[in-house]
1. Within region 36-50, can one find any residue that is in a strand (DSSP E or B), of a type in the set (Val, Ile, Thr), within 16 Å of ligand 2 (Cβ to nearest atom) and in contact with an Asp or Glu (Cβ under 6 Å, 6 or more places away or on another chain)?
2. Name every residue in region 14-34 that is farther than 14 Å from Glu234 by Cβ and not charged (D, E, K, R), in order of residue number.
3. Please pick out the residue among Glu127, Glu133 that is assigned to a helix (DSSP H, G or I), in contact with a Ser or Thr (Cβ under 8 Å, 6 or more places away or on another chain), on the phi < 0 side of the Ramachandran plot and at pLDDT below 95.
4. Here's a check for you: in region 213-237, which residue that is closer than 14 Å to Ala249 by Cβ and under 16 Å from the mean Cα position of the chain (by Cα) is surrounded by the most Cβ atoms within 10 Å (Cβ to Cβ)?
5. Quickly run through region 238-253 and pick out the residues that are within 20 Å of Ala22 (Cα to Cα) and surrounded by fewer than 17 Cβ atoms within 10 Å (Cβ to Cβ).
6. Give region 65-76 a look and list any residue that's surrounded by fewer than 17 Cβ atoms within 10 Å (Cβ to Cβ) and part of a strand (DSSP E or B), or say none.
7. Could you list, ordered by first residue, the pairs with Cβ atoms under 6 Å in which the first is in region 19-48 and more than 10 Å from ligand 1 (Cβ to nearest atom) and the second is acidic (Asp, Glu), at least 6 apart or interchain?
8. From Ala167, Ala134, Ala155, Ala181, which residue is among the aliphatic types (A, V, I, L, M), surrounded by 19 or more Cβ atoms within 10 Å (Cβ to Cβ) and more than 20 Å from Ala107 (Cβ to Cβ)?
Amino acid sequence: PASGSVLLAADRVTKRFGGLVANDAVSMNVKAGEIHALIGPNGAGKSTFFNMISGVDDPTEGEVRLMDRPMQRHPAREFAALGLGRTFQHVRLLGQRSVLDNVALGAHLRARRGWVASMLRLDRGEEAAIVAEARRQIERVGLAEHVDAPASSLALGQQRIVEIARALAGQPALLLLDEPAAGLRHLEKRALAQLLSQLRAEGLGILVVEHDMEFVMNLADRITVLEFGTVIAEGTPAEVQANPRVLDAYLGG
Ligand code: ADP
Ligand code: MG
């Protein structure tokens, strides 16, 4: 997609759980070549929103459009085919398997056939192409020296980057990252931010759902701030940072 084109658009998305309004008419969009951060305190409704924009759950009201088509609920294995790559709040890697195997799983998803069948090497030509693609993505994210290491032997920050490589192996236009900085040390956050900047320069659209306001301030092009399910601010990092409602929300005012 051309830089600046809208990849994902949420239009007045509302989600109710019984009497609780977890998201109240939330609108936002993510464009190709930008990093958009969705931030807010715990319980603000970030994960609820993430589930709807990733097709895990349906809104009660409102609409999510992906590449200008209505988003519908879909099984996780169809992510890649829709142009979406995602990571999870808690690392989901096969710890005993190599970095290469883990990233190859993402490429299998793109191949749109059962990865179990591919793992059994029913088609060696395709298997070789998938492994080559996985290696390419591992180099792209700067983990070439760890390609054969068991995933669990890597530091948490590197494991998060392996998950990003796995998502990239599906050739997404849009990356959805759920709290990628959570639990990372300072230098790991820096490395992650650098990688995301690189991917943005390569033209990806990136939505980062994040609790860590400091992490997104130097990284995001635009920030949407949620509190109690409602958008209380949207704008550049400088605009959002200067917004009194945001300061209140974060300082518990
Ligand atoms: P965040 O990710 O910003 O911490 P969540 O989206 O997880 O916030 O939660 C927003 C609100 O919705 C919270 O009050 C939470 O308890 C509630 N909530 C989230 N998921 C469910 C669910 N499946 N059923 C009922 N309530 C939920
Ligand atoms: Mg959450």
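The values are calculated or read from the model by the stated rules, or taken from the named source; none is laboratory data. The structure displayed is predicted, hence computed values, not measured ones. With ideal geometry, Cβ positions are generated from the backbone for all residues, glycine too; neighbour counts draw on all protein chains shown.
1. yes
2. Correct list: Thr14, Phe17, Gly18, Gly19, Leu20, Val21, Ala22, Asn23, Ala32, Gly33.
3. Result: Glu127 is the single residue among Glu127, Glu133 that is assigned to a helix (DSSP H, G or I), in contact with a Ser or Thr (Cβ under 8 Å, 6 or more places away or on another chain), on the phi < 0 side of the Ramachandran plot and at pLDDT below 95.
4. Ile223
5. Hits for region 238-253 are Arg245, Asp248, Tyr250, Gly252.
6. Arg65, Arg69, Pro70
7. Taking only residues 6 or more apart or on different chains, the pairs are Ser27/Asp11; Glu34/Asp221; Ile35/Asp221; Ala37/Glu210.
8. Every option except Ala181 fails the conditions.
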